[in-house]
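Supplied in structure tokens, the structure appears directly below.
The values are calculated or read from the model by the stated rules, or taken from the named source; none is laboratory data. Note that the structure is predicted; figures quoted are calculated from it, not measured. Here the Cβ positions follow ideal geometry from the backbone for every residue, glycine too, while neighbour counts run over all protein chains shown.
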Amino acid sequence: MKWAKESIRDLEKYATPQKTAEVKLDSNEGKNVCLGDFCESSFLRDLEINRYPDGGSCLLRQELGAYLELPPANIVAGNGSSEMIDLVMKAFLEMGDTILSISPSFSMYRVFAKIYSVNLASVKTRADFSVDADSVIEGIKTARPKAIFLCNPNNPTGYLMEKEEVIAILESTDGILVADEAYMEFAKGSLVQDVTKHDNLIVLRTMSKAFGLAGLRLGCLAANEEIVEMINRVRPPYNLNVVTQHLGVKALREKEKMLTYVEEVNIEREYLFDGLKNLGIKVYPSSANFLFFQCPVAGLGQKLQAKGLLIRSFSGELKSYYRVSVGSRDENRKFLSSMEEIMSKESVR
């Protein structure tokens, strides 16, 4: 594969065969002496946490495949989509290579680029934080990146690029396009089922957002089998623990609950959007489970924290911009009430 790092092209992946036997003495595993009582009285009873987990997350990938409508062979599971970003860089990017993303976007692209000594080229969004696909394509022509990272819907702005626009970007590059779809359950236009049609497409998904499982650290990567093979060569053996695999399978089998929650979030997002707009605040349309807005009140984040409310505050070029997650109706009402109180005090001054 032309994108793979020279150092891994002859690398064999660490094999993790799953063997069962009445007496299992092959993997230097210990006896569960610390959590035995806990495991006997909980759902952990049948998980055998003294044994190494399924190194290939086979059952989990089957359920992910059923959910994403893809064969399990096109999926890699891991510790959130952040590990997937790490693995992509580990497999395909050499020191001094260039990646391209939009700005502003997910900060971890920059962090991992720095870790792997990779150059990051950025294409600025428009003034309203929308993304111009033609500008991205021009940026690709100029920077000639080995990989492009597109967060769609974008974090922190919530802007959603149309699927046709992303496909146009994909077809304009000889590099790998990584479509980070962490928030796609709240939107439409996923490319996940297109990974078998394009040899340079990777799609990232996570169960941290719509499934509400951020604490489990569970995400996945979808791509053609050749890319999956390269990723598996650098993926740590047993990267996903048995508890996460078990709960991930359970959640996927109850996806109707997630779909109901997504409907609730989309309703509450509109409620929150209208509430901020009615306060005279510049708020941007979002296709995610958060809203991005601008507020001139100095120290807004601290003022809200003093009232028991936490939101994300930005600095630098995004000073005076904020991101608020969509909560329950009660949480959203409290947030809007606090915003109204703060805004009214500021207008008196």
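Taking the conditions exactly as written (aliphatic (A, V, I, L, M) and within 20 Å of Lys124 (Cα to Cα)), does Leu291 satisfy them or not?
For Leu291, the condition - aliphatic (A, V, I, L, M) and within 20 Å of Lys124 (Cα to Cα) - is met.
Any residue that is closer than 20 Å to Lys90 by Cβ, in a strand (DSSP E or B), in contact with a helix residue (DSSP H, G or I) (Cβ under 8 Å, 6 or more places away or on another chain) and of a type in the set (S, T, N, Q) - is there at least one of those in the stretch 189-203?
no
Continuing with this model, one more query. Suppose we filter Ala251, Ala306 for residues that are without any contact (Cβ under 8 Å) to a residue 60 or more places away in the chain and closer than 30 Å to Arg45 by Cβ; which single one remains?
Result of the check over Ala251, Ala306: Ala251.
Filter the stretch 262-320 down to the residues that are of a type in the set (Gly, Ala, Ser) and either in a loop (DSSP other than H, G, I, E, B) or touching a Gly at 6+ places or on another chain (Cβ under 9 Å) (or both) and list them by number.
Hits for the stretch 262-320 are Gly280, Ser286, Ser287, Ala288, Ala298, Gly299, Ala306, Gly308, Ser313, Ser315, Ser320.
Now, a different point. Need the failing condition index for Ile227 against (1) assigned to a helix (DSSP H, G or I); (2) touching a residue at least 24 places away in the same chain (Cβ under 8 Å); (3) surrounded by fewer than 22 Cβ atoms within 10 Å (Cβ to Cβ); (4) under 19 Å from the mean Cα position of the chain (by Cα), just the number.
Exception for Ile227: condition (3).
Collect the residues in the stretch 244-296 that are of a type in the set (A, V, I, L, M), more than 20 Å from the chain's Cα centre (by Cα) and either surrounded by 13 or more Cβ atoms within 10 Å (Cβ to Cβ) or modelled with pLDDT under 95 (or both), keeping them in residue-number order.
Leu272, Leu276, Leu279, Ile281, Val283
Considering only residues of the stretch 75-108 that are surrounded by fewer than 23 Cβ atoms within 10 Å (Cβ to Cβ) and polar (S, T, N, Q), which is farthest from Arg9 (Cα to Cα)?
Of everything passing the filter in the stretch 75-108, Ser103 is farthest from Arg9 (Cα to Cα).
Ok, one more. In the stretch 118-150, how many are of a type in the set (D, E, K, R) and assigned to a loop (DSSP other than H, G, I, E, B)?
5
Being surrounded by fewer than 21 Cβ atoms within 10 Å (Cβ to Cβ) and among the polar types (S, T, N, Q) is the filter here; which residues of the stretch 47-74 pass it?
The answer is Asn50, Gln62.
Let me ask something else about it. Can you name the residue in the stretch 142-166 that is of a type outside the set (A, V, I, L, M, F, W, C) and farther than 18 Å from Leu201 by Cα and, of all such residues, is surrounded by the fewest Cβ atoms within 10 Å (Cβ to Cβ)?
The extreme case among them is Thr142.
With respect to Val111, determine if the residue is farther than 19 Å from Asn224 by Cα and surrounded by fewer than 17 Cβ atoms within 10 Å (Cβ to Cβ).
yes
Let me ask something else about it. Is one or more of the residues making up the stretch 82-96 on the phi > 0 side of the Ramachandran plot, out of contact with any helix residue (DSSP H, G or I) (no Cβ under 9 Å at 6 or more places or on another chain) and in a loop (DSSP other than H, G, I, E, B)?
There is at least one residue in the stretch 82-96 that is on the phi > 0 side of the Ramachandran plot, out of contact with any helix residue (DSSP H, G or I) (no Cβ under 9 Å at 6 or more places or on another chain) and in a loop (DSSP other than H, G, I, E, B).
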